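Worksheet for the structure shown next.
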Amino acid sequence: MTFSSFSLDTVLLRAITESAYDEPTEIQKQSIPLILAKHDVMARAQTGTGKTAAFALPILQRILIQQPCAQHVRALVLTPTRELAQQVYKSFCHYGQFTHINIGIAYGGVSTKNQIAELKAGVDILIATPGRLIDLLNSESVNLDKIETLVFDEADRILDMGFKEEIDQITERLPRNKQTLLFSATFADEIYKMSKNILVDPKIVEIDEKNKAADDVEQIVYAVDADRKRELTSYLIGSKNWQQVLVFTRTKQCADDLAKEMTKDGVKSSAIHGDKSQGAREKALLEFKEGKVRALIATDVAARGIDIKGLNHVINYELPYNAEDYVHRIGRTARAGNSGLAVSLVSIGEEWLLTAIEELLDIRLLQQWLPGYEPDPTKIAQPKKKTINKKNARKDALSSGNKTNQRRPTPRGRRR
Ligand code: AMP
């Protein structure tokens, strides 16, 4: 199958040729015809398999058929993070580069001035994060009365409870009669339930079994004492000569501290999280992409959707509270047919998080010891008294403005 079999306009095919895509990926093969036929679609496919083009191309095509006029926004794409909004925006601009379609973007952390000016000038397609979109709606800087297509990118993240109020506020300002598309690599059971209120007679596209990690990621788990994780991380990066490594922590504070310590260890690192200014976030991501910084230490703000060409190594310095986030984190590598390695560091008291991941993926992730970093057998797990609210913990990792408390989880599920 080729892209021309979708009957896409030649201006879109030209952009695809420039991208050097030989053929559509599986998610594209199945979703593009359904979206062109105006169905509601709930689509799940592994990370890095071309989901953005799977919705961007048919949306651009539908607007081309009706003639872009930029008098009102016709398609709205909601993303959970600013970085993903920027990336999706760039993809739309790339695929739409030979068209006259106006594409706009709205995200927080920067002045609204340019965004309002752009909206006033007129956009056909708007990519937005929920918080900023609500600000723009409240100041009547944008009108969404004429939306024909609504996309939830990383749908399970954006539809979870952390964003619920914001999403409700947005959807009540949209017309009832519209096409709605949900795209993600994972769908928690509650999203399937919730989708019944959002989608009308949807077509379901499921490329793999539920919640599958990308095939070409090798997954390694090292058991290590918590107080030696930093040393082990720097050792792995240095001894194996990894040049570009994305390291995930659960909290912003940990990301900041680790970036400082690893830089002292000789591994140039910077941190990216929701308390950083938008400028600092963009700089950190750009420097990492350009290879100026060897390790990017990130909270889950960078777990979703972010496409870093040629990234081969991901380290889970701390496992996420939500097993689904693990799938997204390790999916930053092995993208577009490449391979990758995901190393997770697990210390005493964190095994329950590993168990949850194993249960979600239905695989066994054997813990290994790296010589010289074997856990100290005299250390025993401390009982954990506090419970955590996983939704709030995730929102905290993604959100802006609040300083993070280091929350300690309560062990849950079976222990080994
Ligand atoms: P996405 O899942 O949309 O973030 O895309 C992951 C990567 O796959 C991006 O680098 C895209 O440029 C690339 N990509 C998208 N569609 C194709 C395709 N049909 N063939 C090859 N690469 C693609």
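Tabulated results
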{"quantity": "Among residues of the range 11-26, those that are more than 8 Å from the ligand (Cβ to nearest atom) and touching a Ser or Thr at 6+ places or on another chain (Cβ under 9 Å), counted", "calculated": "5"}
{"quantity": "Tabulated pairs, the range 292-312, first of a type in the set (Lys, Arg), second within 16 Å of the ligand (Cβ to nearest atom), C-beta under 7 angstrom, 6+ apart or interchain", "calculated": "Arg294/Gln244; Arg304/Pro80; Arg304/Thr81; Arg304/Leu84; Arg304/Glu154; Arg304/Arg157; Arg304/His328"}
{"quantity": "Check on Leu182, modelled with pLDDT of 90 or more, of a type outside the set (Val, Ile, Thr) and under 16 Å from Phe55 (Cβ atoms)", "calculated": "yes"}
{"quantity": "Hits in the range 151-191 - residues which are open to solvent by less than 60 Å² (accessible area, probe 1.4 Å) and assigned to a helix (DSSP H, G or I)", "calculated": "Ala155, Asp156, Arg157, Ile158, Gly162, Phe163, Glu166, Ile167, Ile170, Thr171, Ile191"}
{"quantity": "Candidate set from the range 241-263 (those that are within 20 Å of Ile308 (Cβ to Cβ) and either among the basic types (Lys, Arg) or touching a residue at least 60 places away in the same chain (Cβ under 8 Å) (or both)); member that is surrounded by the most Cβ atoms within 10 Å (Cβ to Cβ)", "calculated": "Phe248"}
{"quantity": "Those strands (runs of 3 or more DSSP E) lying entirely in the range 204-288 with at least 3 residues in contact with a helix residue (DSSP H, G or I) (Cβ under 6 Å, 6 or more places away or on another chain) and of a type in the set (Gly, Ala, Ser)", "calculated": "269-272"}
{"quantity": "Residues that are under 25 Å from His273 (Cβ atoms), assigned to a loop (DSSP other than H, G, I, E, B) and of a type in the set (Phe, Trp, Tyr), drawn from the range 85-143", "calculated": "Tyr107"}
{"quantity": "Condition met for Ser141 (open to solvent by less than 10 Å² (accessible area, probe 1.4 Å) and either at pLDDT 95 or above or assigned by TED's automatic domain parsing to the domain that holds Ser31 (or both))", "calculated": "no"}
{"quantity": "Any hit, the range 227-240, residues being within 28 Å of Thr49 (Cβ to Cβ) and open to solvent by 10 Å² or more (accessible area, probe 1.4 Å)", "calculated": "yes"}
{"quantity": "Flag for Arg332 being part of a loop (DSSP other than H, G, I, E, B), within 23 Å of Gly109 (Cα to Cα) and of a type outside the set (Gly, Ala, Ser)", "calculated": "no"}
{"quantity": "Subset tally (residues that are of a type in the set (S, T, N, Q) and closer than 23 Å to Ser141 by Cβ) for the range 62-95", "calculated": "4"}
{"quantity": "Leading residue by the ranking (nearest to the ligand (Cβ to nearest atom)) among those in the range 300-338 that are open to solvent by less than 10 Å² (accessible area, probe 1.4 Å) and closer than 16 Å to Met262 by Cα", "calculated": "Val314"}
{"quantity": "Residue tally, condition of a type in the set (Gly, Ala, Ser), more than 9 Å from the ligand (Cβ to nearest atom) and within 21 Å of Leu144 (Cβ to Cβ), over the range 42-86", "calculated": "3"}
{"quantity": "So Ile35, is it at pLDDT 95 or above, surrounded by 23 or more Cβ atoms within 10 Å (Cβ to Cβ), in the same structural domain as Glu148 (by TED's automatic domain parsing) and within 15 Å of the ligand (Cβ to nearest atom)", "calculated": "yes"}
{"quantity": "Residue within the range 68-82 that is free of Cβ contacts under 8 Å to residues at least 60 places away in the same chain and not in a loop (DSSP other than H, G, I, E, B) present", "calculated": "no"}
{"quantity": "Filter pass, Lys212 being modelled with pLDDT under 85, open to solvent by 10 Å² or more (accessible area, probe 1.4 Å) and assigned by TED's automatic domain parsing to the domain that holds Leu78", "calculated": "no"}
{"quantity": "Selection count where residues are at pLDDT 95 or above and open to solvent by 40 Å² or more (accessible area, probe 1.4 Å), scope the range 264-286", "calculated": "1"}
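Listed here are the residues, each with its yes/no results for (1) away from the ligand (no atom under 16 Å from the Cβ); (2) basic (Lys, Arg); (3) open to solvent by less than 50 Å² (accessible area, probe 1.4 Å).
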{"site": "Lys90", "(1), (2), (3)": "no, yes, no"}
{"site": "Gly96", "(1), (2), (3)": "no, no, yes"}
{"site": "His100", "(1), (2), (3)": "yes, no, no"}
{"site": "Ile105", "(1), (2), (3)": "yes, no, yes"}
{"site": "Ser111", "(1), (2), (3)": "yes, no, no"}
{"site": "Ile127", "(1), (2), (3)": "no, no, yes"}
{"site": "Pro130", "(1), (2), (3)": "yes, no, yes"}
{"site": "Leu136", "(1), (2), (3)": "yes, no, yes"}
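The values are calculated or read from the model by the stated rules, or taken from the named source; none is laboratory data. Just so you know, these numbers come straight off a predicted model, no measurement behind them. Glycine gets a Cβ as well: all are built from the backbone with ideal geometry, and neighbour counts include every protein chain shown. When the accessible area is computed, the model is the full protein with side chains, heavy atoms only, and any ligands, DNA or RNA have been set aside. Shrake-Rupley method; radii C 1.70, N 1.55, O 1.52, S 1.80 Å.
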